[in-house]
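Read the figures in this text as sums done on the coordinates, not as results from a lab. Because the structure is a prediction, the values reported are computed rather than measured. Here the Cβ positions follow ideal geometry from the backbone for every residue, glycine too, while neighbour counts run over all protein chains shown.
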Amino acid sequence: MATSDSSLWEYSDQTFGADLTGYSVEATDGGIGKVDEATNDVGSSYIVVDTGPWIFGKKVMLPAGVIDRVDRDDEKVYVNRNKDEIKDSPTFDDTTYRDEPYRDELGMYYGGMGMGMPGTRGPTDIV
């Protein structure tokens, strides 16, 4: 992985890595869909979200490092990005999303935002 910060592709809490398939996904400003796929690959974990009608049935891939918390009782995954940031992310392609060039592009997009990285403050860290 050529991205500058591998923590973007790691769960901040390893308990997040349990099977999240089917969980609802909440951005900082509302729901975006359901987890279609989740991986627990060391240093390259992610979730794929089926956005349903929100973005016309498209999918988006989110690196594990953008997950803020998981509510197992309500089966919800909370991410530290807003809907516009997620909607504007690199286009998901079923045939290339596991390839390094796409993951590098996604890593540069989300990693360049600064939120969710160790030592930075995201919208859920307000004190």
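What pairs come up if the first residue lies in segment 89-101 and is without any contact (Cβ under 8 Å) to a residue 60 or more places away in the chain, the second is of a type in the set (Asp, Glu) and outside any loop (DSSP other than H, G, I, E, B), and their beta carbons are under 7 Å apart, counting only those six or more places apart or on different chains?
Every condition considered, the pairs that remain are Pro90/Glu105.
So in segment 41-94, with the set limited to residues that are more than 9 Å from the chain's Cα centre (by Cα) and hydrophobic (A, V, I, L, M, F, W, C), which one is surrounded by the fewest Cβ atoms within 10 Å (Cβ to Cβ)?
Looking at residues that are more than 9 Å from the chain's Cα centre (by Cα) and hydrophobic (A, V, I, L, M, F, W, C), I get Phe56.
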